[in-house]
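Here's the structure, in structure tokens; my notes come after.
The values are calculated or read from the model by the stated rules, or taken from the named source; none is laboratory data. Predicted model, so just to flag it, every value in this text is computed and none were measured. No Cβ is skipped: glycine too gets one built from the backbone with ideal geometry, and neighbour counts run over all protein chains shown. When the accessible area is computed, the model is the full protein with side chains, heavy atoms only, and any ligands, DNA or RNA have been set aside. Shrake-Rupley method; radii C 1.70, N 1.55, O 1.52, S 1.80 Å.
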Amino acid sequence: MKKIFWVDSLSARSVWALWRESKKEKDISTAVHYFGNRTSAGKILARILGLEIKKFRYDTEIHDLKDQQAIFWHAWEDSYLFGWNISDQVFKCTGLIDTVADQYTVEKWLFHFKRQVAFEQKRNLGMIRLVHWHIFSNKENKTQDHVLWLKGSPWEEYLKRYAKDFNVSLRIFPYQKNLRIFFALFQNTLSLPFLGLLWCVTSVLSKGKESVNEKPKVGVFLAQGLDINKKSDIFWFPESGLNPQDVIIYSFVRPAKFTIAGKRYIERAGIKMVHLLSKDLRWVNDLSELSAKYFELLIKETLRNIGLYIKLLLKKSQGGRALFNWQLNNISWLLDKSLQYVAFFKAKNIKVHFGFLAEDDPIMSAVERGMEENKGVLVYAHWSNPPLVEIWPSVDTFFVWGPYYKQFYEAIGYQLKNVVYSGYIFDSLFSKIEKESEEYRRKLSENGVKFTLAFFDNAYIEDGGWFSKESMRDFQSRLLSLVKSNPDWGIILKPKRKKTFDDITDQDILSMLNEIEKEGRCLILDHDVLPVTVGKAADLVIGLGSFSSPAVEVALCQKPVLFYDPSKQSSHPFHKEGLDKIVFEDIDKLCDKLKSFSQDQNREDYQSLDFVIEDIDPYRDGRSYQRVGSYIRNILRGFQSEKTKQGALDEANQQFMNEFGIDKVIRIEEQKNSKFILNTGKI
């Protein structure tokens, strides 16, 4: 009998532990299968110790043995249940929350911890499911003894319970004490002289220029870009009626990374941009952009943090050493990350914060704490079509495109106080891309193309994800073969990432691409070309995955779309309603659909998402930017007229409802005690 040790990553520590374990197995051969990364030290040590090692490769989608969905859909959903179902009392038993309750409410500390657990355990649950699949998908594997080893965790009891449901033997490495809090204490202490120097310099530079009391402002975190002719963080600013001096864009990114068009726009508009200190204090772009008040507040916050770190370190361990240390590290992380946000928001009196929602980015908690300290309003918008339910961060106002997205936030609504239906947020771009789309179409038609396909790929993750490199390569190869065999067909490819496209382009695909390109029937566009530009140039668009955001965006500008979903996400609404109609798991069926569609005389009237388009965007008028802009303006005006936070929010909501309807603002603060429920497996 052979024993297989599975391990989450191959490091020197894990190799040494597994080698020692293998020595206990007399007359049994052992092998190590590892997921994800391996360190050089781990690889060398395994070779020295004579361990047989093998990386588990995700050459194709791995589907659940019962419902055939890709395993990682289940793991993703289960991770949120995993974090959510840990009792509040478990987190409270260490006594650490009481020490920092004046920095953040108890409820929000609990919420932060649960999101962190979900974020951390997503991969672990995926590995448990993968080992289960490996054992039970092959008779030979059932005869072997399989043991999965994971990093030390305070959630060992929960992980073992989950693994038991899948008949997987689980071992947990001893939990290692993370020194993050000591590093944070050391870094904060070391930074004080440097911050003091910066305070002195900025005091001189800003002498006589700095206003005593800053007016309330809108702060915008730079994530997408500045060019309003592209997907921009300030898409809502034109026609908002806001004074440019009332808006500040802030960033941790070097200015060289901004587009020329974006920089020119904010210069012409008169919007100020501030480049904050980088997270490791290596550079400052322009000290005159940062006020002396900012550095004064940063020094005060740093001193407060140092005091809290010492206080936390003096606490007696309760609730188990692993949980105590885990919580200690997560508290110190949030206090450290929110330092600059607290200082910046107070210094510039940021009362309204706008950004795009990154579902599981822990930084969102740091931004939220900064706004809470300044008693401001957090306004976010989602920029893509979400694949499933998330644990989204606590937000005062969340702009979603339409009521279709209710199913994605209602189960976790208690973090979202107001949900506002804005319509597709970048719909104003539809009218700006006509000429560019027509040019692409003209290039293809000049070479005899009468039917044009467009394909939007997606990202893959080598150590596990929704889509595999192999399935993406297979599908692209089939599409190109189809185009090659039909002389009046053309194709437009717009990779999500250049690296992804290069990785899946093997010699056969490259040969077909070269041949079709020489005939003038293929266009490969840069990743930053807007999806709607591509969609307008094509007769039919194919998106990868049931939830493909680019395909949905194209459908909103009334172009036909189809979805290819090798991950078989049967729980997604598009999949449920449109399997083998608009969503295809089988390449042959999809290719048959393409052939019949190309010959359909009425194909321009085809509406792929007609059953749900009204709920995705109830407006479809190209004016989403005005709705979002006026809402932000009304909140700010509330603060400028000295209203409270709740008063400013209530007024903005009422004005929005008066103009667009009472059904366009959903107030869900009363759902505080709602349960987070998903139709997934047991935890």
- Message: Please pick out the residue among Phe656, Phe584, Phe639 that is aromatic (Phe, Trp, Tyr) and within 26 Å of the chain's Cα centre (by Cα).
- Response: Phe584
- Only one of Leu110, Leu96 that is touching a residue at least 60 places away in the same chain (Cβ under 8 Å), among the aliphatic types (A, V, I, L, M), within 30 Å of Leu312 (Cβ to Cβ) and touching a helix residue (DSSP H, G or I) at 6+ places or on another chain (Cβ under 7 Å): Leu96
- Message: If Glu25 meets every condition in (1) within 35 Å of the chain's Cα centre (by Cα); (2) part of a loop (DSSP other than H, G, I, E, B); (3) not β-branched (Val, Ile, Thr) apart from one, which number is that one?
- Response: (1)
- Filter the stretch 330-348 down to the residues that are open to solvent by less than 10 Å² (accessible area, probe 1.4 Å), assigned to a helix (DSSP H, G or I) and out of contact with any His (no Cβ under 8 Å at 6 or more places or on another chain), then identify the one that is nearest to Gln103 (Cα to Cα). Leu335
- Query: If you take the residues of the stretch 647-669 that are touching a Lys or Arg at 6+ places or on another chain (Cβ under 9 Å) and not in a helix (DSSP H, G or I), which of them is surrounded by the fewest Cβ atoms within 10 Å (Cβ to Cβ)?
  - Reply: Arg667
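Could you identify the single residue in Lys576, Lys595, Lys568, Lys536 that is under 24 Å from Tyr460 (Cβ atoms) and of a type in the set (Lys, Arg)?
On the way: Lys576 fails: under 24 Å from Tyr460 (Cβ atoms); Lys595 fails: under 24 Å from Tyr460 (Cβ atoms); Lys536 fails: under 24 Å from Tyr460 (Cβ atoms).
Checking each option against the conditions leaves just Lys568.
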- Message: So for the stretch 638-646 (the condition being assigned to a helix (DSSP H, G or I), closer than 22 Å to Tyr405 by Cα and open to solvent by less than 30 Å² (accessible area, probe 1.4 Å)), does at least one residue qualify?
- Response: no
- Query: Identify, please: which residue in the stretch 547-573 is farther than 27 Å from Gly622 by Cβ and hydroxyl-bearing (Ser, Thr, Tyr) and is, among those, surrounded by the most Cβ atoms within 10 Å (Cβ to Cβ)?
  - Reply: Ser567
- Message: Going by what's in this entry, would Ser481 be described as under 15 Å from Cys591 (Cα atoms), surrounded by fewer than 16 Cβ atoms within 10 Å (Cβ to Cβ) and small (Gly, Ala, Ser)?
- Response: yes
- Scan of the stretch 302-325 for residues that are hydrophobic (A, V, I, L, M, F, W, C) and assigned to a helix (DSSP H, G or I), ordered by number: Leu303, Ile306, Leu308, Ile310, Leu312, Leu313, Ala322, Leu323, Phe324
- From the options Ala41, Ala31, residue that is more than 14 Å from Lys151 (Cβ to Cβ) and assigned to a strand (DSSP E or B): Ala31
- Of the criteria (1) under 24 Å from Gly320 (Cβ atoms); (2) over 26 Å from the mean Cα position of the chain (by Cα); (3) open to solvent by 20 Å² or more (accessible area, probe 1.4 Å), which one Leu170 fails: (3)
- Filter pass, Ile299 being in contact with a Leu (Cβ under 6 Å, 6 or more places away or on another chain) and assigned to a helix (DSSP H, G or I): yes
- Query: Has the stretch 218-232 got any residue that is over 21 Å from Val377 (Cα atoms), modelled with pLDDT of 85 or more and β-branched (Val, Ile, Thr)?
  - Reply: yes
- Query: Taking Glu239 and the conditions (1) at pLDDT 90 or above; (2) open to solvent by less than 60 Å² (accessible area, probe 1.4 Å), which numbered condition does it fall short on, given that it satisfies the others?
  - Reply: (2)
- Item | Hits in the stretch 113-135 (condition: farther than 30 Å from Gly370 by Cα and touching a helix residue (DSSP H, G or I) at 6+ places or on another chain (Cβ under 7 Å)) | Asn124, Leu125, Gly126, Ile128, Arg129, Leu130, Trp133, His134, Ile135
- Search the stretch 82-113 for residues being within 23 Å of the chain's Cα centre (by Cα) and buried (at least 21 other Cβ atoms within 10 Å of the Cβ), and hand back the single one that is farthest from Trp333 (Cα to Cα). Phe82
- Checking Ser511 against (1) in contact with a helix residue (DSSP H, G or I) (Cβ under 8 Å, 6 or more places away or on another chain); (2) not in a loop (DSSP other than H, G, I, E, B), which test does it fail? (1)
- Query: Within the stretch 622-636, can one find any residue that is open to solvent by 10 Å² or more (accessible area, probe 1.4 Å) and either in a loop (DSSP other than H, G, I, E, B) or at pLDDT below 95 (or both)?
  - Reply: yes
- Task: Quick one: which residue in Lys536, Lys593, Lys576, Lys589 is closer than 18 Å to Ala70 by Cβ, in a helix (DSSP H, G or I) and either open to solvent by 10 Å² or more (accessible area, probe 1.4 Å) or of a type in the set (Lys, Arg) (or both)?
- Result: Lys576
- Message: Taking the conditions exactly as written (free of Cβ contacts under 8 Å to residues at least 24 places away in the same chain and open to solvent by 70 Å² or more (accessible area, probe 1.4 Å)), does Lys160 satisfy them or not?
- Response: yes
